[in-house]
Amino acid sequence: MRHLLSMADLDRAEILRILDTAVTMHEVQHREVKKLPTLRGRTIINFFFEDSTRTRSSFELAGKWMSADTINLTGKGTSVSKGESLRDTVRTIDAMGVDMMVIRHMASGAPAQIAQWTGCSIVNAGDGTHEHPSQALLDAYTMRARLGDLEGRHVAIVGDLTHSRVLRSNLLCLRSLGARVTLVAPPTLMPSGIGPWSDTDGFATSYELDDVLPSVDAVMMLRVQRERMGGGFFPTAREYAVTYGLTTARLRRLPEHAVICHPGPMNRGLEISGDAADAAQSLVLDQVSAGVAVRMSILYHLLAGEGSDQ
Ligand code: NCD
């Protein structure tokens with residue numbers, strides 16, 4: 001495995017290998033001295049053309065804790081803002097001899113394009129509305145840690161599905177792991193055709209969150225992505241919160257064992273109430289914690305593990 005561009009790059013066995021290695025990495029994360037020599041002498045550039053808190057800092061920590069040299073770049077403050085083309089920018093970085101670029105970009109497909117222009121390993125850290133594979137892997141890791149094997153488990157993915165790269169990667173990942181998925185959204189935010197994702201025989205759709213909640217093992221609330229919305233996808237924020245938000249009242253419809261996930265950043269009071277975000281069933285901070293371990297595992301498998309092309 002050389003790149004991680006899409007969850008379609010990984011089969012079930014590879015997903016399980018990454019999740020299993022992440023368990024070991026999670027132990028390192030809880031040590032006083034968080035350092036493995038594994039990637040000593042390797043160089044990783046985190047190139048984020050779009051804003052990020054969790055993903056960028058966890059990729060940086062993952063690299064540092066594995067002894068790689070890491071550098072962070074953003075669109076602002078690089079020659080991109082002087083009009084340099086994406087191709088020239090990434091070929092410039094590549095010419096310095098880096099081993100990996102972790103790319104977040106507002107254009108769907110940008111990381112795959114960059115993989116063709118450069119000789120280093122490329123990790124997609126979120127591209128437009130397309131995919132966010134490391135997020136799907138950390139979501140799976142977090143749900144498995146609480147629920148065990150996801151085979152046959154029922155996961156509802158709720159909210160702004162049209163604009164969500166987290167959804168698209170999760171559909172592929174959860175299908176590989178044998179989970180049953182129900183997509184819940186208002187009709188205006190339910191994707192009409194979701195390309196390679198729609199050949200899944202594993203997912204159902206619903207417009208009624210209240211009908212779905214009583215049978216879930218996990219509910220994944222997705223952010224309302226206003227920055228990707230040109231027009232009005234719902235009448236008012238209040239109406240959205242009442243109809244599709246995980247409100248305090250709806251918490252009572254969840255089975256006791258069921259867990260709540262949200263990739264962050266959360267709009268409290270819109271797609272998720274403060275009570276739901278902070279409930280004992282909420283795994284939001286477990287997801288953040290798992291994010292570092294899972295990204296350490298991804299770096300390991302791409303740059304050092306058996307089967308890496310390096
Ligand atoms: C997600 C993203 O950027 O795609 N966040 C994340 O990486 N944790 C989801 C979002 O922005 O809503």
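The values are calculated or read from the model by the stated rules, or taken from the named source; none is laboratory data. Note that the structure is a prediction, hence the values are computed from the model and not measured. So basically every Cβ, Gly included, is an ideal-geometry build from the backbone, and we count neighbours across all protein chains shown. Surface areas here come from the heavy atoms of the whole protein model, side chains and all, with no ligands, DNA or RNA. Shrake-Rupley method; radii C 1.70, N 1.55, O 1.52, S 1.80 Å.
Miscellaneous remarks
- Single condition His105 does not satisfy, out of (1) open to solvent by 20 Å² or more (accessible area, probe 1.4 Å); (2) within 16 Å of the ligand (Cβ to nearest atom); (3) over 23 Å from Asn72 (Cβ atoms): (3)
- Residue list for the stretch 1-13, filter: assigned to a helix (DSSP H, G or I) and either in contact with a Gly (Cβ under 8 Å, 6 or more places away or on another chain) or in contact (Cβ under 8 Å) with a residue 24 or more places away in the chain (or both): Met7, Ala8, Asp9, Arg12
- The stretch 108-127 - residue that is within 16 Å of the ligand (Cβ to nearest atom) and assigned to a helix (DSSP H, G or I) and, of those, farthest from Tyr300 (Cα to Cα): Ala110
- Of all residues in the stretch 256-276 being more than 12 Å from the ligand (Cβ to nearest atom) and either in a strand (DSSP E or B) or under 17 Å from Arg54 (Cβ atoms) (or both), the one that is farthest from the chain's Cα centre (by Cα): Arg268
- Residue selected from the stretch 203-252 under the condition under 20 Å from the mean Cα position of the chain (by Cα) and more than 16 Å from the ligand (Cβ to nearest atom), by the criterion modelled with the lowest pLDDT: Phe203
- Trp197, sole failed condition from (1) in a loop (DSSP other than H, G, I, E, B); (2) modelled with pLDDT under 95: (1)
- A single member of Glu208, Glu227 is among the acidic types (Asp, Glu), open to solvent by 10 Å² or more (accessible area, probe 1.4 Å) and either in contact (Cβ under 8 Å) with a residue 24 or more places away in the chain or at positive phi (or both), and it is Glu208.
- Note on the stretch 50-61: among residues that are modelled with pLDDT under 95 and of a type outside the set (D, E, K, R), the one that is most open to solvent (accessible area, probe 1.4 Å) is Thr53.
- Residue that is part of a loop (DSSP other than H, G, I, E, B), of a type in the set (Val, Ile, Thr) and closer than 18 Å to Ser121 by Cα, where the choices are Val90, Val98, Val102: Val98
- Taking each residue of the stretch 262-273 that is closer than 16 Å to Ala218 by Cα and looking for partners that are within 12 Å of the ligand (Cβ to nearest atom) and among the acidic types (Asp, Glu) with beta-carbon atoms closer than 8 Å, six or more apart or interchain, yields His262/Glu271; Pro263/Asp139; Glu271/Asp160.
- Some residue of the stretch 78-90 being within 16 Å of the ligand (Cβ to nearest atom) and open to solvent by less than 60 Å² (accessible area, probe 1.4 Å): no
- Cβ-Cβ contacts under 7 Å between residues 6 or more apart (or on different chains), taken from a first residue in the stretch 235-246 that is over 13 Å from Leu209 (Cβ atoms) to a second residue that is open to solvent by less than 80 Å² (accessible area, probe 1.4 Å), are listed as Ala237/Leu270.
- Counting only residues that are hydroxyl-bearing (Ser, Thr, Tyr) and in a loop (DSSP other than H, G, I, E, B), the stretch 136-172 holds 2 of them.
- Test: residue in the stretch 254-263 that is surrounded by 14 or more Cβ atoms within 10 Å (Cβ to Cβ) and either touching a Cys at 6+ places or on another chain (Cβ under 7 Å) or among the aromatic types (Phe, Trp, Tyr) (or both): no
- Any hit, the stretch 32-49, residues being within 16 Å of the ligand (Cβ to nearest atom), touching a residue at least 24 places away in the same chain (Cβ under 8 Å), open to solvent by 10 Å² or more (accessible area, probe 1.4 Å) and touching a Lys or Arg at 6+ places or on another chain (Cβ under 7 Å): yes
- Hey, Leu283 out of contact with any strand residue (DSSP E or B) (no Cβ under 6 Å at 6 or more places or on another chain) and open to solvent by less than 20 Å² (accessible area, probe 1.4 Å) or not: no
- Test for Lys64: is it surrounded by fewer than 22 Cβ atoms within 10 Å (Cβ to Cβ) and outside any loop (DSSP other than H, G, I, E, B): yes
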